[in-house]
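Below you'll find the structure, written out as structure tokens, and then a few comments.
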Amino acid sequence: MKIKLPYSTQNWTSLVGATIAFISLSMIVFLFVITSLSEQGGTYLGLVVFIILPGFLVFGLILIPVGMFLKVRKDRRKNIEPPKEWPHVNLNDVRHRHAFVIFSIGTCIFLFLTAVGSYEAFHYTESVEFCGKLCHSVMMPEYTAYQGSPHARVACVDCHVGSGANWYVRSKLSGLYQVYAVTLGTVPRPIETPITNLRPARETCEQCHWPQKFYARKLRTERHFLPDEKNSEWDITLTMKIGSNLSALGLQEGIHWHINKDVKIEYKSSDKNREKIPWVRYTNLKTGKVHIYLDENESVNPKDLDTMETRTVDCMDCHNRPSHNYQPPTFFLNTALTAGTIPRELPYVKSKALEILSKDYRTTDTALTVIKNELNKYYKENYPLIYSGKKYLVDQAVKGVQEAFAKNIFPEMKVKWNVYPNNIGHMEFLGCFRCHTDTHKTNEGRLIKKDCNLCHYINAQGPPNKLMVAPVNTYLEFKHPDESSGDAWKEMKCVDCHTGINP
């Protein structure tokens, strides 16, 4: 039976639209079946199947009625068909009947495919693959750091978007600008942290972590290597006072006391990165007592203080790099030396690696080449016997330093450890010392103390063969590995010397 359609469908615009829609639908079905059966695909294939091809399909379908409308209007002007006030459907007319059947069946199929496609498109745009790999060169630093983080099994959207339609829509609108910026090459390098636009931690982080949960004290052991000829090992074991010593005491003391439900800690910062904090307010929610601390070293006009945002301390004020943390060279070299990917027996390997990594490079390939050439040159000139007899150690060191560099430093995006402050700890960044300075005082003389033992105790420290160990229920006073520094370090902040390059 020959299918007859209304005369208005007989135009090139509708024909082109139908052709585009048919080809797009065929390709969607074909690629979807292939990826489903083979369970193989990729970031860009998903983009094609669930976003680009459906766009062409809809465009083609729109062209069909547009062409019909233009055809009718054109014929009316030529008086080919008498004008009608309203279009009508006459099922006794074989042309109308065929068009109605095709439209009805096509609409049902289209709605079904739209439902399936929308569902798949939603999950695709919410996937880690979409977030991390689609704009590969731009997002590579964040995606690489994320894969080595404690949240590597947590989807990006769980932290960056969270639940609810409101934030989902916000994220997609923000994504439109990001697509625009990537397309035109206007993406900032490095990408700025959207501090002011982040969703509150209670709506994201606290879906898994929450203040009422007790977190026991944690024993932490770190292994450091000094930049001397022997790459001397220096170990330190700490008891991190995350919570109280006894679970019954909850958050009455320890690091997580800052989010105790019975107290409220607020602060004002004088810079956009929240690194300078001149004003802190403590409120005891049980007694109603309030204490306001002002930093003696930060002279801020009271009028300026009034214009600053008053922020309540939450998880993100300390855990501000939970998934995208770029380690400084002295740390990632310690890790590589501990793991054995860089051989400890190679003289001055840490010192030489730090020297190489202290320089800025335009591209990753350039940096990897310099690492290889400089390490080979150094050991060939200074340790010829090692270079000739144990060349494999040099090759291993080159590979180890290159791999560590590629996971933490990204020249193309101008990303490295000192770009994004990390507020956990107090070594390369102020962290705890933003408030714990001994200079934040109240009018009554109360201090926010600069006392390391508030957060941790030292259980053991020193080289393995001369390890100093504290007796049970006691702790050691910190001993600086560099004895030549004397006691000067006691009056300084760690960041005054430790830049990420200096060990």
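Rule-based calculations on the coordinates, nothing more; no lab input. Because the structure is a prediction, the values reported are computed rather than measured. In this analysis, Cβ positions are derived from the backbone assuming ideal geometry, glycine residues included, and neighbour counts consider all displayed protein chains.
A few comments on the model shown:
- Within region 384-455, the GluC sites (Glu not before Pro) that combine a DSSP coil assignment with at most 12 other C-beta atoms in a 10 angstrom radius are 444.
- Taking 17 Å as the straight-line reach from the Cα of residue 303, the aspartates and glutamates in range (excluding those fewer than 8 positions away in the same chain) are 271, 295.
- Degrees separating the helix 364-382 axis from the principal Cα axis of the chain, which is the longest one: 30
- Projected over every direction and averaged, the convex hull enclosing the alpha-carbon atoms of region 129-198 yields 5.0 nm².
- With respect to the chain, whose longest principal axis is taken over its alpha-carbon atoms, helix 12-38 is tilted by about 50°.
- In region 260-321, the trypsin sites (Lys or Arg not before Pro) that fall in loop regions by DSSP, at most 16 other Cβ within 10 Å: 261, 272, 276, 286, 289
- Within the chain, helix-based [θ] at 222 nm, where runs of 4 or more DSSP H residues each add -39,500 (n - 2.57), nearest 500: -13000 deg cm²/dmol
- The angle between the Cα long axis of helix 165-184 and the main principal axis of the chain comes to about 90°, on a 0 to 90 degree scale.
- Region 233-299 shape via C-alpha gyration tensor axes, a/c threshold 1.5: oblate
- Options 336, 389, 326, ranked by Cα towards positive dipole end of region 324-408, top entry (Cβ charges): 389
- Listed values [x] 17, 43, 32, 8, 1; [y] 19, 47, 31, 3; [z] 16, 39, 26, 13, 5, 0, entry calculated as P(r) over Cα pairs in 20 Å bins from 0, in percent: [z]
- Counting only Cβ charges, +1 for Lys and Arg and -1 for Asp and Glu, the dipole size of the chain around its Cα centre is about 1740 debye.
- Coil-residue trypsin sites (Lys or Arg not before Pro) of region 326-412, DSSP, other Cβ within 10 Å capped at 10: 359, 362
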